[in-house]
Amino acid sequence: MKNIILICPSAERKKWIDVFKKLMPNWKIQSLKNITNYNLIDTALVWNHPRGVLKKFENLKLICSLGAGVDHLLSDPNIPKGVKITRIVDPLLSFSMSNYIIMAVLLHQRRFDKYNDDQKNKIWDHDSNPEINLTIGILGIGKLGEDAAIKLKNMGFEVYGYSKSSKNIKGVKCFFGDEIKHFLEKINVLVCTVPYTSETHNLLSKKLFNKLKKPTYLINVARGKVQNEKDIITSIDKGILTGAFLDVFEKEPLPSSSLLWSHKKIKITPHIASVTNAEAGAKQIIENYERNLKKIKLINEVDIKKGY
């Protein structure tokens, strides 16, 4: 079977090849380097592909994103029209993402920056107020955002949510549509979990920050192009934001020249909040491949109009 091609960064290729060899030893997955006949390919497994390359595959029937995000696909103007696109929705992604968000919230809530500085300076400050009172807002109540909202609520935090459409989460007041102003007025921690679309491009910018009623701590685990890094720095320096915990960036890897690296009130991690488990992802891809052959409904199919 030579009708499948894997297109991804070379650093990730081996893990995917190994897991498909284990699960589907009869699959002979091709690469851009060794392909001889583009017309034989009907399924593409893709992550951060070279722009325009997919239009060479004229008989493509299915494109499988190797992660939860699909902005790397939908941002390509030459993506073949009418081809079904799927993404990976892995319960382990929610587990890892929620753990990361909880970590970022607790480090802020327990004033860890202060105590880290105190340790460096050998200061014993037995503060009678070691915790900050937080009201947390989850911007983007999809599967990942909902999981984080529920877990934070169960920890005792006051949690609000916002999404484009109406959502119902027990114990979490959810705003939607044109209610974003009311959502932003409630919170002092903003956790961004929105998908990247044309509508969310540059969403985390001064236009949004200026609607905040309280100095607010920003946590972004969505996509780098959702944020305006210049506006984040400016808003922190003005006191609109109290700081930021960022896992994603406008350009990745983050250039060494970026001012984010050295800002005292910004925490940086290299896009590791939640990483797709290759075996779990491969099982979903295999199922969708077989479903597509049988012409039955795919799992986690992307709504191209919505962008996710």
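The values are calculated or read from the model by the stated rules, or taken from the named source; none is laboratory data. A quick note: this is a predicted structure, and the numbers were derived from the prediction, not measured. We place every Cβ from the backbone using ideal geometry, glycine too, and count neighbours over all the protein chains shown.
Test Leu190 against the criterion of being within 24 Å of Leu93 (Cβ to Cβ) and among the hydrophobic types (A, V, I, L, M, F, W, C), and give yes or no.
yes
Taking the stretch 19-54, which residues are under 18 Å from Tyr289 (Cβ atoms) and not in a loop (DSSP other than H, G, I, E, B)?
Selection gives Val19, Phe20, Lys21, Lys22, Leu23, Gln30, Leu40, Thr43, Ala44, Leu45, Val46, Leu54.
Quick check on this structure: which one of Phe157, Phe176 is more than 23 Å from Gly67 (Cβ to Cβ), without any contact (Cβ under 8 Å) to a residue 60 or more places away in the chain and either within 21 Å of the chain's Cα centre (by Cα) or not assigned by TED's automatic domain parsing to the domain that holds Ser258 (or both)?
Phe176
Being assigned to a loop (DSSP other than H, G, I, E, B), hydrophobic (A, V, I, L, M, F, W, C) and either at pLDDT 95 or above or buried (at least 19 other Cβ atoms within 10 Å of the Cβ) (or both) is the filter here, so list the residues in the stretch 224-281 that pass it.
Correct list: Ile240, Val248, Phe249, Leu254, Leu259, Leu260, Trp261, Ile272, Ala273.
Given the conditions (1) at positive phi; (2) touching a Ser or Thr at 6+ places or on another chain (Cβ under 8 Å); (3) of a type in the set (Lys, Arg), and given that Arg111 satisfies all but one, which numbered condition is not satisfied?
Answer for Arg111: the failing condition is (2).
Do we find a residue being among the basic types (Lys, Arg), in a loop (DSSP other than H, G, I, E, B) and either modelled with pLDDT under 95 or closer than 29 Å to Gly177 by Cβ (or both) anywhere in the stretch 122-129?
no
Would you mention how many residues in the stretch 24-52 are over 24 Å from the mean Cα position of the chain (by Cα) and surrounded by 14 or more Cβ atoms within 10 Å (Cβ to Cβ)?
Number of matching residues: 10.
Take the residues in the stretch 59-92 that are assigned to a loop (DSSP other than H, G, I, E, B) and basic (Lys, Arg), then tell me which one is surrounded by the most Cβ atoms within 10 Å (Cβ to Cβ).
The residue in question is Arg87.
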